[in-house]
Amino acid sequence: MTTTIYMRAREHGEGRRLIDDLLGQGFQQQQLHVYGRELPEGLPVEATRWRSTAMAILPGAVIGAVALPTLWQLLFKAQSDGQVMVLALIGAAVVGAGSLLLERGRASPMNAQQSAMRSGELMIAAEVDDDRVPEITRQISRSHPEVSMLEPRSGGFQARRPG
């Protein structure tokens, strides 16, 4: 069995060095995943862009605000300006909320670290065999003191001191 350990790098360079180090130690690319608002170019592992709540809602809200009045017009023809506005608001709310739920469902392991990602930090998740977690955690803490080790729970991590 495996456990996912989470690490937080304040700067992209720190995160990139950690990833390169883990790959050099024998980690496979599919064992590592990076999350961040802005992702460094050319990462050798899978990465997921995290978006703030406003940016997660915006694409769906725009689509809903345009699509619902347009669809209504095609189906029922005549509309007043008031109806168009109400339909645009309803479309924006419904599709925007759906967009947010989809985004948060996809990036759920990192939602507890929203404030860190909002400030540009990277979150790195590594799948580690259960029996190697203490060894890998100590090794990362020694080799990369600039990286914060996080509790191995997806919801509500707390940075912890290596020990």
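Just so it is clear, none of the values below were taken in a lab; they were calculated from the coordinates. Not measured: the values here are computed from a predicted model. Here the Cβ positions follow ideal geometry from the backbone for every residue, glycine too, while neighbour counts run over all protein chains shown.
Its residue count N fixes a reference of 2.2 N^0.38 Å for the chain, and the Cα radius of gyration divided by that reference is 1.37. Residue separation of Ser115 and Leu71 scaled by 0.36 nm, minus their Cα-Cα distance, works out to 12.0 nm of gained length.
Using a Gaussian network model of the chain in which every pair of alpha carbons under 10 angstrom is joined by a spring, one finds that among Gly120, Gly36, Gly82 the greatest mean-square fluctuation is at Gly82. A crude spin-label estimate for the pair Arg49 and Met1, with each label 7 Å from Cα along the Cβ direction, gives 3.7 nm. Its relative contact order, with pairs defined as Cα atoms under 8 Å and 6+ residues apart, puts region 1-113 at 22 percent. Normalised by 2.2 N^0.38 Å, where N is the number of residues, the alpha-carbon radius of gyration of region 12-80 equals 1.91. Could you work out the pair-distance distribution P(r) of region 53-106 from its alpha-carbon pairs, with 10 angstrom bin width and percents rounded to whole numbers? The percentages, shortest bin first, are 29, 45, 20, 6.
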